[in-house]
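In what follows, a single structure is set out as C-alpha cells and then discussed.
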Amino acid sequence: AQSVTQLGSHVSVSEGALVLLRCNYSSSVPPYLFWYVQYPNQGLQLLLKYTSAATLVKGINGFEAEFKKSETSFHLTKPSAHMSDAAEYFCAVSEGETSGSRLTFGEGTQLTVNP
Amino acid sequence: ETGVTQTPRHLVMGMTNKKSLKCEQHLGHNAMYWYKQSAKKPLELMFVYNFKEQTENNSVPSRFSPECPNSSHLFLHLHTLQPEDSALYLCASSPGQGGPHTQYFGPGTRLTVL
C-alpha cells in the first residue's frame, strides 16, 4: 500500500525567502510522485511530477522537487517566495503501472507568505 | 471550453432534497474521478471510471450515486444527504489505465447540506 506524509500542515515564510515543503512517501514499488497546488476556491493544479527520469524535477512557477530514494522523500522547494505562492500544496504518490492513475494524497500544507 | 468543468460551483440543499453534480472534460481522456475534500482531511477518492465503467468505489454511502454516460461526462447524484456530507467535491480526469498519468482537476462544487 502507498501513503504520503506531509510534515507541517502550515508553513509561513517571508516574501523572498526559501520555500521548503516536506513530503515523505511509502510505496511497495518504485513510485511516481506529484505535487499539486490549490488556490482558494479552485481545484488542484499540477506543479510537477517525478516519473523515474531525472531525480531533480522542475515545475511551474519556479518550483522544483528532488526525489531521494534513500530518504523516501520528495520535498518541494522554491528559492524565493512570492506573495502569489500562498496556497495549499498537496503531495501525491502513485504506484505506477500497477495502479494506473490512482493517486494517494497527503493531508496538504498551507503556505502563507508574509510581506 | 477547455479542461475540466464542474457545475454548479456552489450548492445548498436540505437533507431531503435530490440534486446532481455535473462534471465535463474536454481533454479526450478516458478515466474520470470523484473526490471529496473536507476541511482538515486528505482528499478522499470516491469513485473511478475507466471507459465509462466503474472500476473503484471506496465504500461510499449509497446516498451518493455516480453516473458516467460517456467518457466526457460524469455525474454525482445526491439524495438524503447528511450535514457531514458538506464539502468540496472535485472531479478529475486522466488519459486512462496504464499510468501513471497526471490527473486534471475541475474547480469543484462547494456543497452545503442544511
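Under the √(5λ) rule applied to the eigenvalues of the Cα gyration tensor, what semi-axes describe the equivalent ellipsoid of chain B? Give them in Å, descending.
The answer is 23, 14, 13 Å, longest axis first.
Can you give the Rg to Rh ratio of the stretch B:71-114, both from alpha-carbon atoms, with Rh computed by the Kirkwood formula?
My calculation of the ratio gives 1.08.
Please compute the net charge surrounding A:Asn61, taking Lys and Arg as +1 and Asp and Glu as -1 over other residues with Cβ under 9 Å from its Cβ.
0
Over all distinct alpha-carbon pairs, what is the Kirkwood Rh of chain A in angstrom?
In chain A this quantity evaluates to 14.1 Å.
Which Cys in the protein assembly as shown stand alone, with every other cysteine's Cβ at 4.7 Å or more from theirs?
Lacking a cysteine Cβ partner under 4.7 Å: B:Cys68.
Give me the Å³ per residue figure for the convex hull around the C-alpha atoms of the protein assembly as shown.
Taking only Cα atoms, the protein assembly as shown has a hull volume of 123 Å³ per residue.
Could you list which residues have their amide H under 5 Å from that of A:His82, counting only those 5 or more apart in sequence or on another chain, with H placed in the peptide plane?
A:Gly16
Tell me, B:Met32, B:Met15, B:Met46 in order of fewest to most beta-carbon neighbours within 10 Å?
B:Met15, B:Met46, B:Met32
Among the lysines, select those whose C-alpha is under 27 Å from the C-alpha of B:Lys19, and discard any that sit fewer than 8 residues away in the same chain.
Of all the lysines, those that pass the test against B:Lys19 - Cα under 27 Å, at least 8 places apart if same chain - are B:Lys36, B:Lys40, B:Lys41, B:Lys52.
Taking 0.36 nm per residue of separation and subtracting the Cα-Cα distance, what length does fully extending A:Thr112 through A:Lys68 add?
This chain segment gains 13.2 nm when fully extended.
Please report A:Phe63, B:Phe51, A:Phe90, A:Phe34 as a ranked list, fewest other C-beta atoms within 10 angstrom at the top and most at the bottom.
Fewest-to-most Cβ neighbours within 10 Å comes out as B:Phe51, A:Phe63, A:Phe90, A:Phe34.
Got a sec? How would A:Cys23, B:Cys68 order by Cβ neighbour count within 10 Å, fewest to most?
If I rank by nearby Cβ atoms, fewest first, I get B:Cys68, A:Cys23.
Read-outs: derived from the displayed coordinates by stated rules, not from any lab. Treat the numbers as computed from the prediction; the structure is a model and nothing was measured. Positions of Cβ are generated from backbone atoms using ideal geometry, with glycine treated the same way; all protein chains shown enter the neighbour counts.
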